[in-house]
Amino acid sequence: MSTKKKLQEKLQRIPPPKDFRWDDFVTVMDHLGFDLDQSGGGSHGHFVFREDADRVIDTYRPHPDGIMYGKQLREVVEKLKNWGVL
């Protein structure tokens, strides 16, 4: 199984993993068809779905260690499931 598939499965775990890194999150979102737009600067970013620019996930890079919070992961997974991406 590819690393991207493993990360995708890890993203969907219940309860959410406590060690999901921002860089891994960006990798999974790219694999699912999203581009990261950080044009606003800082730690905030938008993941825009390549197939439908109206599908946007707003999030931020957690500080200081870059580990995603469980709440962030739950919200993203729920939205991805509602859109049929997962």
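Using the Cα centre of the chain as the reference point, and only Cβ charges (+1 on K/R, -1 on D/E), how large is the resulting charge dipole? Debye, rounded to the nearest 20.
420 debye
If we count other beta carbons within 10 Å of each Cβ, what is the order of Thr59, Thr3, fewest first? Please list the in-between numbers first.
Working: Thr59 20, Thr3 11.
Ordered by Cβ neighbours within 10 Å, fewest first: Thr3, Thr59.
Sorting Ser43, Ser2 on the 10 Å Cβ count, fewest up front, what's the list?
Numbers: Ser43 13, Ser2 8.
By the 10 Å Cβ count, ascending, the order reads Ser2, Ser43.
Which order do Arg13, Arg55 fall in if you start with the one that has the fewest other Cβ atoms within 10 Å? Provide the component values of the computation, followed by the final result.
On the way: Arg13 11, Arg55 16.
The fewest-first ordering by Cβ neighbours comes to Arg13, Arg55.
Go through Met1, Gly41, Met68 and say which Cα lies farthest out towards the positive end of the charge dipole of the chain; charges sit on Cβ, +1 for Lys and Arg, -1 for Asp and Glu.
Met1
Helix-only estimate, please: 222 nm mean residue ellipticity of the chain, summing -39500 (n - 2.57) across DSSP H runs of length 4 or more and dividing by its residues, to the nearest 500.
Values: 3 runs with 32 residues, N = 86.
Estimated from H runs of four or more residues: -11000 deg cm²/dmol.
For the chain, please report how many Lys pairs fall under 15 Å Cα to Cα, leaving out neighbours fewer than 8 apart on the same chain. Write out the running numbers ahead of the final one.
Details: Lys10/Lys18; Lys10/Lys71; Lys10/Lys81; Lys18/Lys71; Lys71/Lys79.
Final tally of qualifying lysine pairs is 5.
With an 8 Å cut-off on Cα pairs and a minimum separation of 6 or more residues, tell me the relative contact order of the chain in percent. Walk me through the numbers on the way to the answer.
Values: 97 pairs, mean separation 22.5, N = 86.
Value for the chain: 26 percent.
Bear in mind these aren't lab numbers, they're just calculated from the coordinates by the rules spelled out. Treat the numbers as computed from the prediction; the structure is a model and nothing was measured. No Cβ is skipped: glycine too gets one built from the backbone with ideal geometry, and neighbour counts run over all protein chains shown.
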